[in-house]
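Asks: Below are the structure tokens for one structure; questions will follow.
The values are calculated or read from the model by the stated rules, or taken from the named source; none is laboratory data. Keep in mind that this is a model prediction, so the values were computed, not measured. Neighbour counts run over all protein chains shown; Cβ positions are idealised from the backbone, glycine included.
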Amino acid sequence: MNTNNIILFDDDNWGSLLPLSYTKPAGELRVGILTVREKWEKRLNGSASYITQDYLSEKYPIKITSDNIVINSRLMPNDQIALLVKELDSNEAILYDDVLLAARLNDNQFQKLINDQDIDELKGIDINNQKDIISILKRPHDIFKLNAQEIKLDYDLITKNRYSKAIPENCRVINESNIFIEEGAEMNFVTLNATDGPIYIGANTTIMEGALIRGPFALCDHSTVKMGAKIYSGTTIGPYSKVGGELSNVVIQAYTNKAHDGFLGNSVIGEWCNIGADTNCSNLKNNYGWVKIWDYTSESFKISDMQFCGLIMGDHSKAGINTMFNTGTVVGVSANIFGAAFPRTFIPSFSWGGHAGFQTYNFEKAIEVAEKVMARRNIELSAQDKTILEHILHSSIHYRTWQS
């Protein structure tokens, strides 16, 4: 059976998703159960590659065929928008508010496009009157804001016409029909409440005794929920991760541990991160006001439309025990944070320190730590990964003001 060739492109707003997009195209971000790429591949019966930043393109190369479905990496699929994309004819494009959402191009047209040459004028399909079917990632916090909705959409997509593994009799369950458990999942004496949304338990996962979970919730393959954990709606635990303590509306991308007590709410945590024991994050200001959060595109703090916002953390960053994060904290890639009292609410990539001050994280030491962390999962830090991290180190230097 032929599959569609999908090309996800990072547009000029890719930078608005930093620090999460520093290490990957926007389509590799997880929202709900699946990454954006996986959502499109399942809905369009296709295989996806990327147009992305030059320094990421070696790890995420593009594949061009005679017929290419080109989609904005920040666009979230649903039944309606996926149908519009499927029905595109060659040389047609879908536009929304002057933003290119999707197009269908042959290889000749596509080569002209990537070489910045004139191509035959695209026939535009304007869907400004269909605002309700459009969901676009604009800022990192959109990931946790959209997560409950996306869990529901992905749950329907993944579980359609399939049967769940039986739930152990010693578990306490509410609304069992809204719970799906994959093969290899293990749990005992767990409470699952799927009243407000589905609960998806991935393959080869473990939920230890005493965990309390409310849907919508997703535990992705090979991940673990520790004993006595309290997990509220809108939370996703990405593959190969461990969580404990209290989480509410948190999205953990993958390969990350928050294995101990401590609260984390309304947050997005990247890959290969570690949150130390008893680390806590404020997600609500004492005056109940709108949260001000760092914006990479304007390189300034901006008032958001959110009353609840906790922590945004890029890949490979770590927080020591008893770290306290203030409301709306943004941490870059490969930062190491520790010490008493609240650190600043914008911590650049490759920072080392805390409330008492920061210095630049030695690159060789950062790479050594990354190699050790990944080796525990039998994964090697590749030469491409090192090149990407080195690029981030240099491109973020102006944020580390102590170096000036």
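Asks: Only one residue in 44, 29, 17 is surrounded by fewer than 22 Cβ atoms within 10 Å (Cβ to Cβ), of a type in the set (A, V, I, L, M) and outside the structural domain of residue 351 (by TED's automatic domain parsing). Which one?
Replies: 44
Asks: Restricting attention to region 72-105, which residues are buried (at least 21 other Cβ atoms within 10 Å of the Cβ), over 11 Å from residue 134 (Cα atoms) and among the charged types (D, E, K, R)?
Replies: 104
Asks: Let me confirm something: among 56, 83, 95, which residue is touching a His at 6+ places or on another chain (Cβ under 9 Å) and either in the same structural domain as residue 387 (by TED's automatic domain parsing) or over 13 Å from residue 109 (Cβ atoms) (or both)?
Replies: Within the list 56, 83, 95, the selection yields 56.
Asks: Kindly state which strands (runs of 3 or more DSSP E) lie completely within region 207-326 and contain at least 2 residues that are touching a residue at least 60 places away in the same chain (Cβ under 8 Å).
Replies: Here the list reads 217-219, 235-237, 246-252, 263-269, 292-295, 311-313.
Asks: Follow-up question, since we're still on this one. Looking at region 332-359, which of its residues are in contact with a Pro (Cβ under 7 Å, 6 or more places away or on another chain) and either surrounded by 24 or more Cβ atoms within 10 Å (Cβ to Cβ) or closer than 15 Å to residue 295 by Cα (or both)?
Replies: 332, 333, 337, 349
Asks: Within region 39-51, is there a residue that is over 11 Å from the mean Cα position of the chain (by Cα) and within 18 Å of residue 144 (Cα to Cα)?
Replies: Yes.
Asks: A further question follows. Residue by residue through region 156-184, note down the ones that are of a type in the set (Ser, Thr, Tyr) and in contact with a Gly (Cβ under 8 Å, 6 or more places away or on another chain).
Replies: Those that are of a type in the set (Ser, Thr, Tyr) and in contact with a Gly (Cβ under 8 Å, 6 or more places away or on another chain): none in region 156-184.
Asks: Of the residues 196, 154, which single one is surrounded by fewer than 19 Cβ atoms within 10 Å (Cβ to Cβ), in contact (Cβ under 8 Å) with a residue 24 or more places away in the chain and of a type in the set (D, E, K, R)?
Replies: After ruling out the rest, the residue left standing is 196.
Asks: Separate question: Quick one: count up the residues across region 128-152 that are of a type outside the set (Val, Ile, Thr) and under 13 Å from residue 215 (Cα atoms).
Replies: Final tally of qualifying residues: 5.
Asks: For residue 295, are the conditions met, namely being touching a Phe, Trp or Tyr at 6+ places or on another chain (Cβ under 9 Å), surrounded by fewer than 24 Cβ atoms within 10 Å (Cβ to Cβ) and not basic (Lys, Arg)?
Replies: Spelling it out, residue 295 is indeed touching a Phe, Trp or Tyr at 6+ places or on another chain (Cβ under 9 Å), surrounded by fewer than 24 Cβ atoms within 10 Å (Cβ to Cβ) and not basic (Lys, Arg).
Asks: On the basis of being in contact with a helix residue (DSSP H, G or I) (Cβ under 6 Å, 6 or more places away or on another chain), within 26 Å of residue 152 (Cβ to Cβ), hydrophobic (A, V, I, L, M, F, W, C) and free of Cβ contacts under 8 Å to residues at least 40 places away in the same chain, does residue 102 make the cut?
Replies: yes
Asks: Quick check on residue 277: is it among the small types (Gly, Ala, Ser) and farther than 21 Å from residue 197 by Cβ?
Replies: So residue 277 passes the test.
Asks: Kindly list, by first and then second residue, each pair from a residue in region 346-366 that is assigned to a strand (DSSP E or B) to a residue that is surrounded by 15 or more Cβ atoms within 10 Å (Cβ to Cβ) and polar (S, T, N, Q), limited to pairs with Cβ atoms under 6 Å and residues at least 6 apart or on different chains.
Replies: Sorted first by the residue in region 346-366, then by its partner, the pairs are 352/336; 358/351.
Condition check ((1) buried (at least 23 other Cβ atoms within 10 Å of the Cβ); (2) under 15 Å from the mean Cα position of the chain (by Cα)) across all residues:
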site	(1), (2)
216	yes, no
241	yes, yes
245	no, no
256	yes, yes
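Asks: Does at least one position in region 157-175 carry a residue that is at pLDDT 95 or above and within 30 Å of residue 307 (Cβ to Cβ)?
Replies: yes
Asks: Can you tell me which residue in region 157-178 is surrounded by the most Cβ atoms within 10 Å (Cβ to Cβ), limited to those that are without any contact (Cβ under 8 Å) to a residue 24 or more places away in the chain and either aliphatic (A, V, I, L, M) or assigned to a helix (DSSP H, G or I) (or both)?
Replies: For region 157-178, the residue satisfying everything is 173.
Asks: Let me ask something additional. Which of the residues that make up region 92-127 are at pLDDT 85 or above and either polar (S, T, N, Q) or part of a loop (DSSP other than H, G, I, E, B) (or both)?
Replies: Those that are at pLDDT 85 or above and either polar (S, T, N, Q) or part of a loop (DSSP other than H, G, I, E, B) (or both): 97, 106, 127.
Asks: Now for a separate question. Report, by residue number, each residue of region 27-47 that is more than 21 Å from residue 221 (Cα to Cα) and either in a loop (DSSP other than H, G, I, E, B) or aliphatic (A, V, I, L, M) (or both).
Replies: Answer for region 27-47, where residues must be more than 21 Å from residue 221 (Cα to Cα) and either in a loop (DSSP other than H, G, I, E, B) or aliphatic (A, V, I, L, M) (or both): 44, 45.
Asks: Can you confirm whether region 137-148 contains a residue that is under 27 Å from the mean Cα position of the chain (by Cα), among the hydrophobic types (A, V, I, L, M, F, W, C) and not in a helix (DSSP H, G or I)?
Replies: Looking through region 137-148, at least one residue is under 27 Å from the mean Cα position of the chain (by Cα), among the hydrophobic types (A, V, I, L, M, F, W, C) and not in a helix (DSSP H, G or I).
Asks: Scan region 60-82 and report the pairs whose first residue is without any contact (Cβ under 8 Å) to a residue 40 or more places away in the chain and whose second residue is assigned to a loop (DSSP other than H, G, I, E, B) and not small (Gly, Ala, Ser), with Cβ atoms within less than 8 Å and a gap of 6+ or a chain change.
Replies: Pairs found: 60/24; 60/25; 60/52.
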